[in-house]
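**Student:** I have a structure here, written as C-alpha cells, and I will follow up with some questions on it.
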Amino acid sequence: FSATMSMKIRKFAESALVEPVVVNVGRAGAANLDVIQEVEYVKQEAKIVYLLECLQKTAPPVLVFCENKADVDDIHEYLLLKGVEAVAIHGGMDQTEREYSIDSFKGQSKDVL
C-alpha cells in the first residue's frame with residue numbers, strides 16, 4: 001500500500017483483505033544509520049528564522065518536512081527570498097511541478113526539498 005498507513009486504513013485493510021501480508025524493509029520505525037536526527041525545541045514565532053540558521057550550518061542535501069501544504073508554500077517562498085536553492089513538493093502541485101522538484105533535488109541543482 002504505502003510506506004506508512006494510518007491506523008484507520010490499517011484496520012480497514014485487515015478487515016477487507018484475505019490473509020494480508022505486511023512487508024517491512026529494515027526495522028519498522030527506525031531511521032537509516034546514515035541519517036542524523038536532531039530535535040530542537042523552538043518557539044513557533046522563531047521557527048522559520050531558526051530553519052534558515054540551521055540550513056546555513058548544514059551541507060546539502062537537506063529535506064524539510066512541514067505539517068501542511070500551506071506551510072510548504074510559505075517556507076519555500078521564504079527560503080527563495082533568502083537566496084536558498086530550494087524546491088517544494090506536496091499533493092496540491094501538479095505532476096510536472098512535483099517531477100521538477102524531485103529531479104532538481106536528486107540532480108543536486110537544488111539544495112533543499
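The values are calculated or read from the model by the stated rules, or taken from the named source; none is laboratory data. Note that this is a predicted model, so its numbers are computed, not measured. FYI the Cβ positions are ideal-geometry reconstructions off the backbone, even for glycines, and counts take in every protein chain you see. Surface accessibility is based on the protein's heavy atoms, side chains included, excluding ligands, DNA and RNA. Shrake-Rupley method; radii C 1.70, N 1.55, O 1.52, S 1.80 Å.
**Student:** Those residues that are in a loop (DSSP other than H, G, I, E, B) and surrounded by fewer than 14 Cβ atoms within 10 Å (Cβ to Cβ), I need them from the stretch 63-78; list them, please.
**Tutor:** We begin by selecting, within the stretch 63-78, every residue in a loop (DSSP other than H, G, I, E, B); these are 63-68.
Matches in the stretch 63-78: L63, F65, E67, N68.
**Student:** Could you check how many residues of the stretch 29-62 are open to solvent by 80 Å² or more (accessible area, probe 1.4 Å) and either touching a residue at least 24 places away in the same chain (Cβ under 8 Å) or part of a loop (DSSP other than H, G, I, E, B) (or both)?
**Tutor:** Looking only at that region, the number is 13.
**Student:** For the stretch 79-111, which residues satisfy the criterion of being more than 14 Å from the chain's Cα centre (by Cα), in contact (Cβ under 8 Å) with a residue 12 or more places away in the chain and open to solvent by 50 Å² or more (accessible area, probe 1.4 Å)?
**Tutor:** K82, E85, G92, Y100, Q108, S109
**Student:** Of the numbered conditions (1) open to solvent by 70 Å² or more (accessible area, probe 1.4 Å); (2) modelled with pLDDT under 90; (3) on the phi > 0 side of the Ramachandran plot, N24 fails exactly one; give the number of that condition.
**Tutor:** Of (1) open to solvent by 70 Å² or more (accessible area, probe 1.4 Å); (2) modelled with pLDDT under 90; (3) on the phi > 0 side of the Ramachandran plot, only one is false for N24: (3).
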